[in-house]
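To keep things clear, I will list the structure first and then write my remarks on it.
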Amino acid sequence: SCQGTPMINHLLTASILLLVYSPGARATFADATSLFRSWLAPPHRLVRALLAMYVVVPVVAACMGLMLELAGPVRVALLAVAVAPIPPILPGKQLKGGGSRAHAFGLLVAVSLCAVVLVPLTVGILGHLFGMSSSFGPIKVARLIGVTILIPLLAGLTLRRFAPRWAPFVATWASRIGTVMLAACAALVLYEARHVLDGLVGDGSLLAIAALAIIAIGAGHWLGGPQPDERSNLAIASAMRHPGIAIAVATANDPGEPRVSAAILLYVLVATVATSLYVAVTRRRHAESA
């Protein structure tokens, strides 16, 4: 790794904390617990979300790994992405796409907490299927989710609860600073991984990555329920996954393979473009129907 990697890691962590804290300062505790409070009642939002994210997408990734002639690191990357939970900056993207605030934050909290159990379980099943061992357990998942999602989200919710006048101002500046820092980190990471990414684009891996992202969007949209904003939220969540946890899962037993991390990074880029196009199309359809 290059000498700038520690700096990039620190900047990336700080940007994620700010970008999670910002929407948290605009939400309420009722928003954050909305899916848990209604998971047994129709339309079963949490059940359908878990089905899309932890059944459909992992099954598709497993079938692609078994049926397609993919390089080993790419196969591992697709499986790791398929079991990773929602990324911490997702609610901001969902809200820009017209998603419901309560559903977006409820989805983030509920799926993140369920991931503490579901990620190690799914990793174990896929590892057994592909003959790969993994030591990525629930404690590691809980630590990553707690640091990158739950703690900054709780801090934002607390500010909104006890200082509602200051919350919008702090949230706005946290979002601006976090966005600039994240963009800088993304540019540095892409520059460092440019040679590895070139190899992945030319060997058919890009097509497999794009196919998984598109199928994930379709699964979330299909299982999203009758409300258009909730369909949009789940479609984005099914495709966009936590890159930190995906990389941690993929490199748990082989941290020296750079193509795995590069493939996960490429998936994040492709999924970002695909979900942005999905949001643009759905917003146009909603405008036309209105």
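The values are calculated or read from the model by the stated rules, or taken from the named source; none is laboratory data. Because the structure is a prediction, the values reported are computed rather than measured. Because the Cβ atoms are built from the backbone with ideal geometry, glycine has one as well, and the counts that use them run over all protein chains shown. Heavy atoms of the whole protein, side chains included, go into the accessibility calculation; ligands, DNA and RNA do not. Shrake-Rupley method; radii C 1.70, N 1.55, O 1.52, S 1.80 Å.
Could you identify the single residue in 71, 102 that is at pLDDT 85 or above, farther than 20 Å from residue 219 by Cβ, open to solvent by 30 Å² or more (accessible area, probe 1.4 Å) and of a type in the set (Gly, Ala, Ser)?
Details: 102 fails: at pLDDT 85 or above.
Answer to the check: 71.
Look at residue 283 and say whether it is among the charged types (D, E, K, R) and at pLDDT 85 or above.
no
Within the group 133, 205, which residue is under 28 Å from residue 78 (Cα atoms), of a type outside the set (D, E, K, R), buried (at least 16 other Cβ atoms within 10 Å of the Cβ) and modelled with pLDDT under 90?
205
In segment 220-243, is there at least one residue being surrounded by fewer than 22 Cβ atoms within 10 Å (Cβ to Cβ), under 28 Å from residue 23 (Cβ atoms) and β-branched (Val, Ile, Thr)?
Among the residues of segment 220-243, not one is surrounded by fewer than 22 Cβ atoms within 10 Å (Cβ to Cβ), under 28 Å from residue 23 (Cβ atoms) and β-branched (Val, Ile, Thr), which makes the answer no.
Could you tell me whether residue 124 is buried (at least 21 other Cβ atoms within 10 Å of the Cβ) and within 27 Å of residue 238 (Cβ to Cβ)?
Considered against the rule, which asks whether it is buried (at least 21 other Cβ atoms within 10 Å of the Cβ) and within 27 Å of residue 238 (Cβ to Cβ), residue 124 comes out as no.
Looking at 282, 275, can you tell me which residue is farther than 21 Å from residue 12 by Cβ and touching a residue at least 60 places away in the same chain (Cβ under 8 Å)? So that I can check it myself, show each step before the final result.
Details: 275 fails: farther than 21 Å from residue 12 by Cβ.
After applying the criteria, what remains is 282.
Take segment 30-54 and flag every residue that is farther than 19 Å from residue 267 by Cα, assigned to a helix (DSSP H, G or I) and among the hydrophobic types (A, V, I, L, M, F, W, C).
30, 32, 35, 36, 46, 47, 49, 50, 51 - these are the residues of segment 30-54 that are farther than 19 Å from residue 267 by Cα, assigned to a helix (DSSP H, G or I) and among the hydrophobic types (A, V, I, L, M, F, W, C).
Kindly evaluate residue 237 against the criterion of being closer than 21 Å to residue 50 by Cβ and not aromatic (Phe, Trp, Tyr).
It is true that residue 237 is closer than 21 Å to residue 50 by Cβ and not aromatic (Phe, Trp, Tyr).
If you go through segment 154-163 one residue at a time, do you hit one that is in contact with a Leu (Cβ under 9 Å, 6 or more places away or on another chain) and crowded, with 18+ Cβ neighbours inside 10 Å? Walk me through how you get there before you give the answer.
In the first step, residues of segment 154-163 are kept if they are in contact with a Leu (Cβ under 9 Å, 6 or more places away or on another chain); the result is 155.
With the extra rule that they be crowded, with 18+ Cβ neighbours inside 10 Å, the set shrinks to none.
So far as segment 154-163 goes, no, none of its residues is in contact with a Leu (Cβ under 9 Å, 6 or more places away or on another chain) and crowded, with 18+ Cβ neighbours inside 10 Å.
Does any residue of segment 55-68 turn out to be open to solvent by 40 Å² or more (accessible area, probe 1.4 Å) and not in a helix (DSSP H, G or I)?
Checked against the condition, which is being open to solvent by 40 Å² or more (accessible area, probe 1.4 Å) and not in a helix (DSSP H, G or I), segment 55-68 yields at least one hit.
Conditions: (1) over 18 Å from residue 266 (Cα atoms); (2) open to solvent by less than 10 Å² (accessible area, probe 1.4 Å); (3) in contact with a His (Cβ under 9 Å, 6 or more places away or on another chain). Residue 27 meets all but one. Number of the miss?
Going through (1) over 18 Å from residue 266 (Cα atoms); (2) open to solvent by less than 10 Å² (accessible area, probe 1.4 Å); (3) in contact with a His (Cβ under 9 Å, 6 or more places away or on another chain) one by one, residue 27 breaks only (3).
Residues that are over 30 Å from residue 42 (Cα atoms), at least 3 per element: which helices (runs of 4 or more DSSP H) completely within segment 162-269 meet that?
In segment 162-269, the matching helices (runs of 4 or more DSSP H) lie at 167-192, 194-202, 205-222, 243-250.
Assuming residue 247 fulfils every condition listed in (1) hydrophobic (A, V, I, L, M, F, W, C); (2) open to solvent by 10 Å² or more (accessible area, probe 1.4 Å); (3) over 18 Å from residue 88 (Cα atoms) apart from one, which condition is it?
Exception for residue 247: condition (3).
Among the listed residues 198, 229, identify the single one that is within 30 Å of residue 158 (Cα to Cα) and of a type in the set (Asp, Glu).
Numbers: 198 fails: within 30 Å of residue 158 (Cα to Cα).
On inspection, the qualifying residue turns out to be 229.
Would you point out which residue out of 121, 79, 113 is among the aliphatic types (A, V, I, L, M), modelled with pLDDT of 85 or more and under 26 Å from residue 228 (Cα atoms)?
Just a single option satisfies the conditions, and that option is 113.
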